[in-house]
Protein chains: 2
Amino acid sequence: MVGRPWLHGRLRNAGFRLTLPRQAILNVFARNPKHLSAEEIFLSVHRNYPGIGLATVYRTLDLLTQMGLVFKFDFGDGRSRYELASEVIKEHHHHMVCTRCGQIIDYSDFMKKEIKFIKELEVELSKKHKFKINSHQIHFYGSCNRCQ
Amino acid sequence: MVGRPWLHGRLRNAGFRLTLPRQAILNVFARNPKHLSAEEIFLSVHRNYPGIGLATVYRTLDLLTQMGLVFKFDFGDGRSRYELASEVIKEHHHHMVCTRCGQIIDYSDFMKKEIKFIKELEVELSKKHKFKINSHQIHFYGSCNRCQ
DNA sequence: CAATTGGTTGATAATGATTTTCATTTTTAT
DNA sequence: ATAAAAATGAAAATCATTATCAACCAATTG
Ligand SMILES: [Mn+2]
Ligand SMILES: [Mn+2]
Ligand SMILES: [Zn+2]
Ligand SMILES: [Zn+2]
């Protein structure tokens, strides 16, 4: 899962170390596949490693995001939220955000169709705007089941 | 453009008034069709109306967003950015964000195709998740022309 | 018209997430 | 072992956004 040799190598190649705080933070993701805020991650890590500080959590999240191992999102609740990259553990998916209660729904129901569409679009956009596309986000906003 | 009777009526119906600060702020959008931050809007308004405060800018942006006249975005630079809703002046479009220089590109090149696709997807998702979809955002991240 | 009501505002303080600083510790290279 | 480079925790600083509150203004009522 997380904390394996390939991860270690991946960081090393970029000149970083797979330290204990970094492993601990990655393990939180592995245990809790949600959209976690920095504080939530800090609190979770803190139970097992009271020595690890909040600043380190922020630094690590930033590092993992830069390396593409973690995705950073803003769902509009005033704090950033993070999720393991599909490459690492979850399958690729998009989001629906309930603007009433804040619930976030991962969906991957029609991904084959979506991926195909996005792929084509990326090719056209890249060409037309000379823009190298690395990733994308699709968010639907509205009201969930319980909030209608 | 902005500040016309339909706008006035629109606000009145919701129990609000089209005051001078609100008009001034809407005029900034009309003059400057970019993705503006609250502070940028404040500074622009401030040149003509030094009396209008930053808090009022925030309040107004919030109001206009709630009313659907303005869209609020987070492009990852640590501040919210706002844009007139397509309904008001611009045509519907999506975004490409350069993660190196922060440039934001509006594109509406393949909108017919995209809208059609999104529409279908919304129907399927709404049904499957009992989720009422009101709006969506599509963001592509990568490096722009000059940043490759 | 005068009084009342409720929306609006500017100035200011407060909040809260994120970043920076800096001295110290840990790891790596020589 | 020694020097250089990374990483860390604690605390302070930053900075966008929100809350407070007294003053203001527009619409309504009698
Ligand atoms: Mn997700
Ligand atoms: Mn735009
Ligand atoms: Zn909801
Ligand atoms: Zn760029």
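The values are calculated or read from the model by the stated rules, or taken from the named source; none is laboratory data. The structure displayed is predicted, hence computed values, not measured ones. Quick reminder, even Gly has a Cβ in these numbers, built from the backbone with ideal geometry, and neighbours come from all protein chains shown. For accessibility, only protein heavy atoms count, side chains too; no ligands or nucleic acids. Shrake-Rupley method; radii C 1.70, N 1.55, O 1.52, S 1.80 Å.
Of the candidates A:I115, A:I133, A:I25, A:I52, the single residue that is hydrophobic (A, V, I, L, M, F, W, C) and part of a strand (DSSP E or B) is A:I133.
Among residues of region A:89-109 being open to solvent by 50 Å² or more (accessible area, probe 1.4 Å) and in contact (Cβ under 8 Å) with a residue 24 or more places away in the chain, the one that is nearest to the other protein chains (Cβ to nearest Cβ) is A:T99.
Say we look at region A:8-43 and pick out the residues that are within 21 Å of A:H95 (Cβ to Cβ) and open to solvent by less than 40 Å² (accessible area, probe 1.4 Å); which of these is modelled with the lowest pLDDT? Looking at residues that are within 21 Å of A:H95 (Cβ to Cβ) and open to solvent by less than 40 Å² (accessible area, probe 1.4 Å), I get A:A30. Criterion applied to A:I104, A:I118 was being more than 16 Å from DNA strand C (Cβ to nearest atom), of a type in the set (V, I, T) and not assigned by TED's automatic domain parsing to the domain that holds A:L7, and the one residue passing it is A:I118.
Taken together, A:K72, A:K132, A:K112 contain a single residue that is away from chain B (no Cβ under 11 Å) and either without any contact (Cβ under 8 Å) to a residue 12 or more places away in the chain or closer than 26 Å to B:C144 by Cα (or both), which is A:K112. The number of residues in region B:55-83 that are crowded, with 19+ Cβ neighbours inside 10 Å, hydrophobic (A, V, I, L, M, F, W, C) and within 13 Å of ligand 2 (Cβ to nearest atom) comes to 3.
Does A:K112 satisfy the condition of being open to solvent by 40 Å² or more (accessible area, probe 1.4 Å), of a type in the set (D, E, K, R), at pLDDT below 95 and in contact with a Leu (Cβ under 7 Å, 6 or more places away or on another chain)? Against the criterion (open to solvent by 40 Å² or more (accessible area, probe 1.4 Å), of a type in the set (D, E, K, R), at pLDDT below 95 and in contact with a Leu (Cβ under 7 Å, 6 or more places away or on another chain)), A:K112 does not qualify.
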